[in-house]
Structures are given as C-alpha cells and as structure tokens.
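Sharing a structure here in structure tokens format.
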Amino acid sequence: MSTAENILLDSDIRDWVVLPLFVIMVAAGLLRFHMGNVLKPDPKQGTKVTQRIQSSVRAVAILKGGAVHFLSTSKLESRKLAYPKLLRAQAIWCENHLDEQDAAGEKNGGENDDGDMPNPFSSMEGMMGNMAFMVQNMIMMQAIQHFFSGFILLKVPFRLTLGFKQMFQRGLEGLATLETSYVSSISWYFLVMFGLRGFFKLAIGSPALETQETHQAWQKLGKQPPGRPGTTAGAADDDKQIEMLEQEADNLEMLLPTQFKSNLDQVEKRLLQNNYPKKKSTIAKNDFLLHHSVGKNKSKKN
Amino acid sequence: MIDPMANLDAGVPGSSQSDEEKDIIDFMSLRYNLEKIDRMKSVMSIASGCLAGICGLTGLQGLVCFVALHFLVLVVVWTMKMKCSLHGYTRQSWWSYSTTNLQQSGLSFTLFWTLFYGLVYLY
C-alpha cells in the first residue's frame, strides 16, 4: 500500500495545544490523587471484636508466613498445637461479647449504637472520588470543545474506518475527503485520558511505604484505615468474622506440615560447611572438674 | 530488603509437596514480584511507544513492534531474573503472565506512539 505524504501542521498547534494538554492532564491526575489523600478522614476506632480478630489473624499470618526464619522447631511445634485452640477460644469470647452487647442493648431500650449513623457517609466517600473524576472530565471536555475546536491536531499512526470519522473529527465536518487518521483535539483528550493510567501507575505507584506502615500502626492500635466500605461492622459482619476465626483454626491444623521444621535447624552446619569443627572430647573420661587435657588439644583445634 | 524476584518457595521448607492441593507461599514476596513485573510492563509499553513513533511505524508494523517488544521483555525477565522458573516466582500460568494488564499497556503504547509520531513526522 502506498504511503501518502503526511500533512504538515503548524508548530504552534504542537506548542500551544498538544503539549499543554498533555501536561494539564498529568497535573490534573496528580492533583486528584493528592487531594484524595488530603481529604481522607481520620481513622476510626474499630470495635473490640474486630480488634481481637484482626490481631489473631495477624499472628496467624506471621506464623504461616515467615516464622520458620526465626523460630526453632520446638517453638514452631508448640505454636502449631496452641494456635488453633487460642483461635477457637477467641471465637467463643467474641460470641459471648456480642451476646452481652445485645443483651445490654435490649436493656437500654434498643438505642442505636454509633455503628448506624456514620454508615451513609462512609459509603459516599468512594462515590465522591468517582464524582470528582466525572465532573473534572466533563469540565475538561467542554473547555476543549470551546477553545480547541476547528483544527487538526494529530494523526493516529493506524488506519481507521469511515465510521470513526464523525467521532474523531468533531468540528471538521467540512473536510469530507480528509483521511480518518487525522483527528481533532477531543480525541487527543480521550487518548491521553486512557493512556495516562499506565503512566500514573508508574508515577504514583503502589501506596508508598509510609502509608503502608501507617496503616499497620493503626491496625495495631485497633483503628481501621478509612474509606473502606463496611468498616462499621453490623452484627452479621461480626458473625462472619468469627466464622473466619474458626476457618483459620481449621486451616492451621490442615495446612502446616506435620513436621513444622524451622530454617534454623542445622544452620551452623550450613553456614560453616567445611569449617564445621569435628567432635572431639576435651575432657578425659575420668576427669570431673579438672581439665588438664584442654591445654594440649587447644592448639590442635585452632 | 527483600531480594528482587524473591523465590516464593524459600519461605517454608518442604513447600514443594502440596498437602491436599494447598500451596504454602510467601505472600509478601508474591505481591512484590507481581508489582515489579507490572512496573516493567508499564515502562516497556511507554518506551516501545516512543520507539515506534520515532521510527515512523504505522498500522500493523506498530502492532508487531508492540507485541514483539512485549514478549521480548517478558522472556528476558523469565530467563534472567526468574531462572526459567515461572511457577517459583509468580504463581501464574504463561497466559496470565503475558496478558495481565495488556489493555493498559496497549493504551499507553498507543498514546506515546501517536504523540511521538506526530511530533516527529507532522510538526
């Protein structure tokens, strides 16, 4: 297929539309992200039941995850036997606590506890983030159509069918013979909007180490990171969490191998390998407290 | 610091035997590895988009460039960092290893391809 020559465009368009639009979109995305961080509400204190369950689950995760690196075999075995019992005891405590709470709640005439009121607000936080994005999108689209219409902006390097002409060449309806590849500003806006998602994953990335550590510290204090739906647990959630404890107990019993071996076994032999000292008795059989043979063997050992 | 591409099986000894089809792995290492792979794919898609735009590739040539570079990077990572053991470092099949986040990579590639093609050949 013959490659037609490209239309040469005015470099002012590049300087005043293409690159500024790109920069504005990047800045808007970063602004949205940082505003979201700044406007996040303070963490809420979790219920006692949630706190207990979370700390139990954390302990189990540590055991399953990396405990082999720093505990000896005997300690691992004893933990493996004790943890399921502890988890089950926690589950019973949580159930009793909930029953007591219900009984106390009934006594007080069925007052609404704090869990009910903030519910509508917590679910709205996620929606508000999306709303901000949509509003920003609409404003930008209107602004672009107002300021940057009526000229070709770029050429997409691949062929498009005639069906796309109407969509991508808004404001250029007079040019019926123009190749569909030449697009107007609004399609550049869409291209940037979708393409920058990958870019933002690099620029902003996963939650910074700081936020992760902050979340971990909050969890230890019993607070919960805000913005998660269902953080105010109702009775049904508590029951589910208690079931989770039971499941964890069962999992522990099944998952861990029967011989829960530590990485610390034989670690001296692995580290020293050939330099591992061979066994030699420095005390003669008849000696009790006298080590008169130590002086002779010391030089041999070293 | 966790060694880049930490081997997932190194966490628990004897994890190669699966009891009742359950797998014991180090979740932190798995998550770390997957994040790193994601990052590499993002960078690769942006760089290959710039390359395709500057070289003036159009149409099918650009698509071939994207696919070829994408697989080249994945294979290089597999041989050099994972020591040819995909299962040991990411519990993924080859299909999901190749195609996770392909759409996002493709869109980034298209963006930078269009931008650099325009900057070099149109303006």
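Determine, at each q value in 0.13, 0.16 (inverse angstroms), the log₁₀ of I(q)/I(0) that the Debye formula gives when each Cα of region B:22-73 is one equal point scatterer.
-0.44, -0.56
Out of residues 5 or more away from A:Lys44 or on other chains, whose amide H comes under 5 Å of its own, with H placed 1.01 Å from N in the peptide plane?
Amide H to amide H, under 5 Å and 5 or more residues apart or across chains, A:Lys44 pairs with A:Gln224.
For region B:27-122, divide the Cα radius of gyration by the Kirkwood radius and give the resulting Rg/Rh value with two decimals.
1.04
Order A:79-91, B:106-118, A:264-276 from most to least packed using the mean count of other Cβ atoms within 10 Å.
Ranking the peptides A:79-91, B:106-118, A:264-276 by packing returns B:106-118, A:79-91, A:264-276.
Could you work out the relative contact order of region B:27-122, using alpha carbon pairs under 8 angstrom and six or more residues apart, expressed as a whole percent?
50
Now a separate question. From the cross-link list A:Lys64/A:Lys240; A:Lys44/A:Lys75; A:Lys40/A:Lys201, which pairs have alpha carbons spaced over 25 Å apart?
A:Lys44/A:Lys75, as the Cα separations exceed 25 Å there.
Right, something else. For peptide B:101-114, how many partner chain Cβ atoms fall within 10 Å of a residue's Cβ, on average?
5
Give the average, rounded to an integer, of partner chain Cβ atoms located within 10 angstrom of each Cβ in A:169-181.
0
If you don't mind, there's one more thing I want to ask. With a cut-off of at most 14 other beta carbons within 10 Å, and DSSP calling the residue loop, which chymotrypsin sites (Phe, Trp or Tyr not before Pro) in region A:28-111 qualify? Please list them.
A:Phe70
We did not get these values from a lab; they are worked out from the coordinates using the rules stated. For clarity, every value in this text was computed on a predicted model and none was experimentally measured. Backbone-built Cβ (ideal geometry, glycine too); neighbour counts: all protein chains shown.
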